[in-house]
């Protein structure tokens, strides 16, 4: 057994999940089994491998073999221009408790 | 249309131009079909007739005035419930968004409507697209229209079932680890996952942002290609969408396949593959060889590590993306004494078991002391899996595999064991991790009549290649091999 009850409770706390007592043991067993399986990643030597942080390769080939390298490496950033954003009312309308222009939540600061 | 022949984009267009039907009559006919079949299939979670009829009337006015019709004029379309639709309830199959109505449309939806499509409604799916059977929906499972006691696959089970049952002509699904391709295989229809960045994710409610893609379900390759030609292309609202030009898919797909090199990785035909699935996929490959393709044996040595890699990367991203559901800005709120208490109660009540399991798995993999051993290592193995593909595509034009190791299983058969459910994603998650496009095409049936899917991968932005092979396969009768 790799994952303890305490591990489950720690992770649930980090993830803001308020687990019912009977859920704790279920998830403990399941996470233990799944993480046990994931342990097979330790078999590989990855000491000289870069992590994959970009989805698009630097030099990709299109459907007809034509190079589309230009599209690969550079992120496509839009111009930094201020544009009006008029969705505030529509967004607040979906909030469980809104007091325009705010979202209202339980009191966080005691004084 | 006779009962057995499904409507296609082309037959809808012909019928409208010949004034044999109107877009409004067609929408009405599809809503009648949905009313008849949906109680049994549970494919739709919400319908939007007002919006659909308004759009149909615009199409009918264009027909009456003799205006040129856009490519999807009057075509009834369904969309997975993780894709935002302005004014139409969008739940992601979750209780936490039970009453959520987006204030905007996803780019893919906007493009479909601009092309004349009639959006009928939202389809059922695994909660936040997390699942391989559609049994993780908070609104009940979808049934497979081909075999009602079986799952339609997941997570886009409702979108696959809707098209397979003739409740929409085409539909949109999303694919993170196989969620378009596998339900396509289980329901016996073509289902395409485009290259990462080919279709804008703007308005797609995030599960795993480096993996999520939007793509079509259809009954034929022409329809899949037509939808792709509309939804593909750069969108300034999604910085990860590519500005690679969109080829003319309909022209490209008719090119002959003679001389194309098709790679067959032995790693995809080993233990765990159902013998009937194996036999049909082998027959499918043989058919393409008969059409002039050259078979090239391949080895992709890191295939066996794909599931472990995927379930670290995807759950880590999910744990971050789903942090936004806390009862503050949208969706469910369960009152608490403190802010923290409110967060916890809301998330405990709002999320189902699979979503909680994945949030915890991802949180664990990212947590202090475990990050290097899990998340960072998985990102490195992801590079190795992507490298397997890039090396393969130096030798071949496409890669052929089964879509799933087994055909559609029975409802409830695999729900007790999450790991066993994950392991069945083995052939689809590889392409997801590599960012390449893949399609599942029907490839005959088992003796019991269950559909089998054959998967075709191509290199980045190679959708035209995929469609070309799929189209040749379709024309040669491969779907019913």
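Every read-out reported here was derived from the displayed coordinates using simple, explicitly stated rules and does not represent laboratory data. What you see is a predicted model, and the numbers here were worked out from it, not measured in a lab. Positions of Cβ are generated from backbone atoms using ideal geometry, with glycine treated the same way; all protein chains shown enter the neighbour counts.
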| task | Quick one: grab the alpha carbon gyration tensor of region B:1-148, order the square roots of its eigenvalues as a ≥ b ≥ c, and give me rounded if a/c is under 1.5, else prolate or oblate depending on whether a/b is larger than b/c. | result | oblate
| Alpha carbon centre of region B:1-78 versus region B:230-301: separation in Å? | 31
| request: Order these peptides, A:91-98, B:203-210, by their mean beta-carbon neighbour count within 10 angstrom, highest first. | output: B:203-210, A:91-98
| said: Between residue B:416 and residue B:148, what is 0.36 nm times their sequence separation minus the Cα-Cα distance? Round to one decimal in nm. | reply: 94.4 nm
| Taking 0.36 nm per intervening residue step and subtracting the Cα-Cα distance, what contour gain separates residue B:372 from residue B:349 on full extension? | 5.1 nm
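Rank these for me by crowding, B:193, A:52, going from fewest to most other beta carbons within 10 Å. Each step should come with its number before you reach the end.
Numbers: B:193 33, A:52 22.
Placing the least packed residue first, the sequence is A:52, B:193.
As a test, work out the antiparallel percent of DSSP beta bridges whose residues both lie in chain B, rounded to the nearest 5. Spell out each step's value before the answer.
Details: 27 of 42 bridges.
If we restrict to bridges inside chain B, about 65 percent are antiparallel.
Please list A:34-42, B:141-149, B:154-162 highest first by mean number of surrounding beta-carbon atoms within 10 Å per residue.
On the way: A:34-42: 17.1, B:141-149: 21.4, B:154-162: 36.3.
Averaged packing, sorted descending, gives the order B:154-162, B:141-149, A:34-42.
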| said: What does the structure give for B:306-312 when I average, per residue, the other chain Cβ atoms found within 10 Å of the residue Cβ? | reply: 4
| said: Under 20 Å from a point placed 7 Å out from the Cα of residue B:447 along the Cα-to-Cβ direction: which residues of region B:407-426 have their backbone N that close? | reply: B:407-410
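Specify whether the C-alpha gyration tensor of region B:118-241 places it in the rounded, prolate or oblate class, a ≥ b ≥ c being the square roots of the eigenvalues: rounded for a/c under 1.5, otherwise prolate if a/b is larger than b/c and oblate if not.
Details: a/c = 1.98, a/b = 1.35, b/c = 1.46.
Verdict is oblate for region B:118-241.
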| Calculated from DSSP H runs of 4 or more alone, at -39500 (n - 2.57) each and per residue, what is the 222 nm mean residue ellipticity of chain B, nearest 500? | -11500 deg cm²/dmol
| With r defined as the distance between the Cβ atoms of residue A:33 and residue B:98 and R0 fixed at 22 Å, what FRET efficiency is calculated, to the nearest 0.05? | 0.10
| Spin-label point model (7 Å from Cα, Cβ direction): what's the residue A:108 to residue B:64 distance in nm? | 5.5
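Give the shape of region B:358-481 as rounded, prolate or oblate, defined through the alpha-carbon gyration tensor: a ≥ b ≥ c are the square roots of its eigenvalues, a/c under 1.5 means rounded, and otherwise the shape is prolate if a/b is larger than b/c and oblate if not. Numbers along the way, then the final one.
Numbers: a/c = 3.49, a/b = 1.34, b/c = 2.60.
Note, shape of region B:358-481 comes out oblate.
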| field | Projected label distance in nm at residue B:286 and residue B:480, using a 7 Å step from Cα toward the beta-carbon | value | 2.0
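Given the peptides B:98-111, B:121-134, arrange them by the average over their residues of other C-beta atoms within 10 Å, most packed first.
Numbers: B:98-111: 20.2, B:121-134: 30.1.
Top to bottom by mean Cβ count within 10 Å: B:121-134, B:98-111.
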| request: Would you mind checking region B:242-274 for residues with the amide N under 15 Å from a putative spin-label position 7 Å along Cα→C-beta of residue B:294? | output: B:257-264
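Take every residue in peptide A:36-47, count the Cβ atoms of other chains within 10 Å of its Cβ, and give the average of those counts. Present the calculation step by step, with values, prior to reporting the outcome.
Working: counts 1, 6, 17, 3, 6, 10, 4, 4, 8, 1, 8, 1.
If you average over the peptide's residues, the count of other-chain Cβ atoms is 6.
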| task | Mind checking the full-extension length gain between residue A:42 and residue A:24? Use 0.36 nm per residue of separation minus the Cα-Cα distance, one decimal, nm. | result | 3.8 nm
| In nanometres, what is the gap between the two model label sites at residue A:82 and residue A:100, each 7 Å from Cα along Cα-to-Cβ? | 2.3
| said: As a test, work out the antiparallel percent of DSSP beta bridges whose residues both lie in the protein assembly as shown, rounded to the nearest 5. | reply: 65
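For peptide B:430-441, how many partner chain Cβ atoms fall within 10 Å of a residue's Cβ, on average?
On the way: counts 0, 0, 0, 2, 3, 6, 3, 1, 0, 0, 0, 0.
Average per residue, whole number: 1.
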